[in-house]
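S.K.: I have a structure here, written as structure tokens, and I will follow up with some questions on it.
The values are calculated or read from the model by the stated rules, or taken from the named source; none is laboratory data. Given the structure is predicted, the values throughout are model-derived calculations rather than measurements. Backbone-built Cβ (ideal geometry, glycine too); neighbour counts: all protein chains shown. All accessible areas refer to the heavy atoms of the entire protein, side chains included, with ligands and DNA or RNA removed. Shrake-Rupley method; radii C 1.70, N 1.55, O 1.52, S 1.80 Å.
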Amino acid sequence: MKRVLVLGCTGSIGKSTLDVIRNMKNEFCVAGLSAHTHIDEVKKLASEFNCKYTITSVEGTDGIKRLLDETKPDIAVNGIAGAAGLEPSRLVLDAGIDLALANKETIVMAASLVQNLAKKRNCSILPVDSEHSAIFNLVERYGSENIESLIITASGGPFRTLPKEKLAGVTVEDTLKHPTWNMGKKITIDSATLANKGLEVIEACRLFHVPVSKIQVVVHPQSIVHSLIRTNDGVMYGQISEPDMKHPIVSALSWPKVLPNFMQKFDLFDHELTFYKPRYEDFPMLRLAFNAAEKNCGYTIAFNAANEVAVQAFIEKKIGFLDIPKITEKTLQKDWTKEPDDFEEVFAIDAEARKYAEELL
């Protein structure tokens, strides 16, 4: 039985992970729990799962170190949102523990550093994003040497068909009405701007060591094909399932095994699958992410930082929807060619980009 540490246990990924454990008690158990501030909810979960070890974010880095030491998990699920998830990822890997990673910022900000750390400590980074989980499993089965390109699917968000001239007037409430997925505020807004897909492009480049020129994004509103690969012979292979985050969570927790589970099996009948080109000009965050991935260095860190600042300002109704890409693009016009040599430099670049984005606000 695998002992699972759940970081961000009260968020959408954390809740889905705990639901997996509830339904697969013979395979997994809860070793420890962390949350941002929901102390009462954490206490209830700790009681339900008979878990002695919990922390909240006020305990900081020392709290996570203590939690890792006390729980000694086999695998940790990082469902913490935003750049705040990087340090917990580092601590998990430094402890030699496999990391089931839903926090894409870990790879966007510090891919080579965390990958080198995982190699040094002889542990694995297993993607939990539905798109990267799909690609990971396809790459594992076909071999990276046989793959010509990666195709990442995107739902298109709530404004997929909204005319460009109406985008300026959309509200926070409109933006949070995602047509397919039930997620936290930040990632839901990122899905609406296509920044989330941009982060996934950057993440795919780094996770699978492919140039950005070999990555394509297609809009697939049904969110049933979770991503595809094209092999050297031109044939495409995809992963198909119901749009439920518990699928990639089970995949990461059980890897390298493929286990029977409790989830609804996908039925091919009575489904229509459609695919469209992204509207790059109307949703410029995706274009900006491709550019940042191409430039590499500190540009991807700056992209993420500026976007986080702008999204928070949008949530607080200080700026409009279309100001998010404007602030991000202006931030990226600065020189971010410094390649971080360690985690301290990653956080320094992140702080500098945030400060600049705040000044732009």
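S.K.: How large is the Kirkwood hydrodynamic radius of the stretch 58-178, counting all unique pairs of alpha carbons, in Å?
M.R.: Numbers: mean 1/r = 0.0594 Å⁻¹.
Final number for the Kirkwood radius of the stretch 58-178 is 16.8 Å.
S.K.: Using only the Cα atoms of the stretch 233-278, what do you get for the radius of gyration and for Dmax, in Å?
M.R.: Looking at the stretch 233-278, its Cα Rg and Dmax stand at 13.7, 36 Å.
S.K.: Then there is this: Please state the Cα pair-distance histogram of the stretch 76-137 with 10 angstrom bins from zero: what percent is in each bin?
M.R.: In whole percents, the pair-distance histogram is 25, 60, 14.
S.K.: Tell me the Kirkwood radius of the stretch 1-75: reciprocal of the mean inverse pair distance over distinct alpha-carbon atoms, in Å.
M.R.: Roughly 12.1 Å, rounded to one decimal.
S.K.: In square angstrom, what is the accessible area per residue of the chain with a 1.4 angstrom probe?
M.R.: Values: 16430 Å² over 361 residues.
I get 46 Å² per residue for the chain.
S.K.: A follow-up question, please. Give me the dipole magnitude in Debye, nearest 20, for the chain about the Cα centre, with unit charges on the beta carbon: positive for Lys and Arg, negative for Asp and Glu. Please list the in-between numbers first.
M.R.: On the way: 42 positive and 48 negative charges, 82 e Å.
Once rounded to the nearest 20, the dipole reads 400 debye.
S.K.: Let me ask you something else. If each of Arg121 and Ala351 carries a label point 7 Å out from its Cα toward its Cβ, how far apart are those two points in nm?
M.R.: 2.3
S.K.: Would you tally the net charge around Leu361, using a Cβ to Cβ cut-off of less than 15 Å, leaving Leu361 out, and scoring K and R as +1, D and E as -1?
M.R.: 0
S.K.: Under a plain spin-label model, where a point goes 7 Å from the Cα along Cα-to-Cβ, how far apart in nm are Lys2 and Ile315?
M.R.: 2.9
S.K.: What order, most packed first, do the peptides 123-130, 315-322 have when packing is the mean number of other Cβ atoms within 10 Å of each residue?
M.R.: 123-130, 315-322
S.K.: Further question: Between beta-carbons, use under 11 Å as the cut-off and find the net charge around Pro73, counting Lys and Arg +1, Asp and Glu -1.
M.R.: My count for the surroundings of Pro73 gives -1.
S.K.: Quick one: pull the percent of accessible area on the stretch 1-103 belonging to carbon and sulfur, 1.4 Å probe, ligands and nucleic acids left out.
M.R.: Values: 2080 of 4430 Å².
Here it works out to 47 percent.
S.K.: Calculated FRET efficiency, Asp74 and Lys185, Cβ-Cβ r, R0 41 Å, to nearest 0.05?
M.R.: According to the calculation, E is roughly 0.85.
S.K.: Can you find, among Leu67, Ser241, Ile189, the residue farthest towards the positive end of the dipole of the chain? Put +1 on the C-beta of Lys and Arg, -1 on that of Asp and Glu.
M.R.: Ser241
S.K.: OK, next. Ratio of Rg to Rh for the stretch 315-361, alpha carbon only, Kirkwood? Could the numbers behind the result be given before it?
M.R.: Working: Rg = 12.4 Å, Rh = 11.8 Å.
Across the stretch 315-361, the Cα-based Rg/Rh ratio is 1.05.
S.K.: Given a cut-off of 17 Å, what percent of all Cα-Cα pairs of the stretch 259-300 lie beyond it?
M.R.: It works out to 62 percent of all Cα pairs.
S.K.: Let me ask something additional. Project the alpha carbons of the stretch 157-272 onto their principal axes and report the range along each, largest first, in whole Å.
M.R.: 47, 36, 29
S.K.: Now for a separate question. Quick one: what are the phi-derived ³J(HN,Hα) couplings along the stretch 80-90, Karplus 6.51/-1.76/1.60 with θ = phi - 60°, whole Hz, x for glycine and proline?
M.R.: 6, 8, x, 4, 4, x, 5, 4, x, 4, 4
S.K.: After finding the eigenvalues of the alpha carbon gyration tensor for the chain, what semi-axes result from the square roots of 5 times each, listed largest first in whole Å?
M.R.: Whole-Å semi-axes of the equivalent ellipsoid: 29, 25, 21.
S.K.: I've got another one for you. What's the long-distance tail for the stretch 120-216, i.e. % of Cα pairs beyond 21 Å?
M.R.: For the stretch 120-216, the share of Cα pairs beyond 21 Å comes to 43 percent.
S.K.: Could you compute the FRET efficiency for Phe269 and Val235, with r as their C-beta to C-beta distance and R0 at 25 Å, rounded to 0.05?
M.R.: That pair, Phe269 with Val235, gives E of 0.55.
S.K.: Within 12 Å, Cβ to Cβ, of Glu281, how many net charges do the neighbouring residues add up to if Lys/Arg are +1 and Asp/Glu are -1?
M.R.: Value of the local net charge: +3.
S.K.: For the pairs Lys277/Lys338; Lys52/Lys265; Lys104/Lys355, note any where the Cα-Cα span goes beyond 24 Å.
M.R.: Numbers: Lys277/Lys338 33 Å; Lys52/Lys265 35 Å; Lys104/Lys355 22 Å.
Distance filter (> 24 Å) returns Lys277/Lys338; Lys52/Lys265.
S.K.: For the peptides 204-216, 301-313, what is the packing order when you average, over each peptide's residues, the other Cβ atoms within 10 Å and list the highest mean first?
M.R.: 301-313, 204-216
S.K.: Also, I was wondering about something else. Once the Cβ-Cβ distance between Val58 and Asn291 is put in as r, and R0 is 41 Å, what FRET efficiency do you end up with, to the nearest 0.05?
M.R.: On the way: r = 38 Å, r/R0 = 0.92.
Plugging the Cβ-Cβ distance into 1/(1 + (r/R0)^6) gives 0.65.
S.K.: Regarding the stretch 111-160, what's the average projected area of the Cα-atom convex hull, expressed in nm²?
M.R.: With every direction weighted equally, the projected area is 5.1 nm².
S.K.: Whose amide H sits under 5 Å from the amide H of Gln239, counting only residues 5 or more places off or on another chain, with H placed in the peptide plane?
M.R.: Placed amide hydrogens put His226, Ser227 under 5 Å from Gln239.
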